[in-house]
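Step one of this worksheet: look at the structure below.
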Amino acid sequence: MPADAGGRPHVKLFFTINQDLFDGSAHSLYCYRHAAALAASAPEGSSVELVYPGASPWRAKDETAHAAAHFQLASPPPQVTALPSVRKKKHGKGLTLNAWFHYHAAKHLGASSSAGDFFITASFPKLLKYMESRPGLRGSLQFLYEVHQLARLDGDKDSAKALAEKRALAGADRFVTTTHALQSLLEEDFPRVPCLNLGLACVPTKWVIPEPPALDRDLRLGYLGSVYPGQGIDWLLENWRGIREGLGVPATLLIAGGSGKEVTWLRRKAEDGDADSVEFLGQLSQSDVPSFLARVNALVIPAMQQGRMPFVAITKAYDYLTYGRPVIASELPSITEVMRPGQEALGFTPGTAGSLLNGLRQLISRPDLAPPMVKAATARAADFDPQIRARKYWRWLFDSTM
């Protein structure tokens, strides 16, 4: 096998996903950014190809230029290949045949890969199971599975879905995951499979962060992210009146995120809290974030101690590091390993209104707390730089004992 000057073999990573790369989801954005960072950090002679189900049921297509223009990343784009598939549009009508894409993915890797190359996927256990069960691939490729969540965290660990996922994951040669909590669960279930926790990447902002409104005159508390149950926004709204009345200064809660249906659900929750001091902004584009930040002087992560939330990576914990605002966050393991209480954020007990109120009072009465927290958060973001994460990933591929 050819090798670089350092003796590392030349390998190709086939990062394969079973979803439309252009569906606008956070996961598709993660997959492209991740593949791009791996490609930019690839050792000499090694490469990355991102494979996904395309629009045609019959033809493969090189989508490298299309993806580069769509995602607009500064780094050199990874190779992107759309394979034949039959699938309906996101939220649309029609038929999806996973087996058709699975078949063409196996055929593509069989023709394009060499011994020692890697098949990698993230959050698609059925795809992993299909690929690693192909005799022609099992003896040639190494199978790496990225674990971002586990079905057992959604309820019964002995449910049919959780057990099927566990059987699929048994075919992986290695795991990469995003929290220490997930790593512990994987090491418990698969003690012989090497597992590395890399967290998520913290993508540097491209815009200038505006100066915040003064904190001592009124609180303008912001939330930017998903709003499904478990994220804690519904709990915060139900308790907002008591929290606001206990602050001693005027307070407004600004919520950015959620679909139209989710915002309607949250508005009903706000009626039980204090709707007059809550503003719903809906989903924001990245270009809208600076104007949102200009209106807030603190940020909150009210995630709850329930279901998957203590285990899975909370994207906001990474994004907020770069937003130039003091943060008060639930002390969940998935958050505190990124934003450490008393350093990058103030912590509060999840689901406890009195604890959140005490933290907010601290921010308001102690204006000296915010600047060092914001400075520490900015420095912490560098620990999760996409290129640093990608280089660690490559090193681990060549030495799974790190």
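The values are calculated or read from the model by the stated rules, or taken from the named source; none is laboratory data. Predicted model only: the values in this text are computed from it and were never measured. Glycine gets a Cβ as well: all are built from the backbone with ideal geometry, and neighbour counts include every protein chain shown.
Structure summary
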read-out	value
Residue satisfying condition, being in a helix (DSSP H, G or I), among the charged types (D, E, K, R), over 21 Å from the mean Cα position of the chain (by Cα) and surrounded by fewer than 22 Cβ atoms within 10 Å (Cβ to Cβ), within set R389, R395	R395
Qualifying residue in segment 246-261 (condition: out of contact with any helix residue (DSSP H, G or I) (no Cβ under 9 Å at 6 or more places or on another chain), assigned by TED's automatic domain parsing to the domain that holds P326 and either over 22 Å from H27 (Cα atoms) or crowded, with 17+ Cβ neighbours inside 10 Å (or both))	no
Among residues of segment 359-384, those that are in a helix (DSSP H, G or I), over 13 Å from Y318 (Cβ atoms) and not polar (S, T, N, Q), counted	13
Members of segment 29-45 that are over 18 Å from Q286 (Cα atoms) and in contact with a His (Cβ under 9 Å, 6 or more places away or on another chain)	P43, E44, G45
Residue in segment 182-194 that is touching a residue at least 12 places away in the same chain (Cβ under 8 Å) and in contact with a Cys (Cβ under 7 Å, 6 or more places away or on another chain) present	yes
Unique residue being touching a helix residue (DSSP H, G or I) at 6+ places or on another chain (Cβ under 6 Å) and modelled with pLDDT of 90 or more when the list is R152, R167	R152
Residue ID - surrounded by the most Cβ atoms within 10 Å (Cβ to Cβ), chosen from residues in segment 172-188 that are closer than 20 Å to L141 by Cβ and over 18 Å from the mean Cα position of the chain (by Cα)	A172
Residue in segment 196-207 that is surrounded by the fewest Cβ atoms within 10 Å (Cβ to Cβ), counting only those that are in contact (Cβ under 8 Å) with a residue 24 or more places away in the chain and more than 17 Å from Y320 (Cβ to Cβ)	L196
Condition check for A275: without any contact (Cβ under 8 Å) to a residue 12 or more places away in the chain and in the same structural domain as S365 (by TED's automatic domain parsing)	yes
Residue in segment 159-171 that is surrounded by 14 or more Cβ atoms within 10 Å (Cβ to Cβ), in contact with a Leu (Cβ under 8 Å, 6 or more places away or on another chain), under 23 Å from D399 (Cα atoms) and in contact (Cβ under 8 Å) with a residue 40 or more places away in the chain present	yes
Among the residues listed as V300, V289, the single one being assigned by TED's automatic domain parsing to the domain that holds I335, buried (at least 21 other Cβ atoms within 10 Å of the Cβ) and closer than 25 Å to M339 by Cβ	V300
Subset of segment 309-365 that is under 19 Å from the mean Cα position of the chain (by Cα) and among the basic types (K, R) - its residue that is farthest from R152 (Cα to Cα)	R340
Set H34, H10: member being at pLDDT below 95 and closer than 17 Å to L109 by Cβ	H10
Candidate set from segment 67-93 (those that are part of a loop (DSSP other than H, G, I, E, B) and at pLDDT 85 or above); member that is nearest to K107 (Cα to Cα)	P84
Of the criteria (1) closer than 19 Å to P250 by Cβ; (2) at pLDDT 85 or above, which one A275 fails	(2)
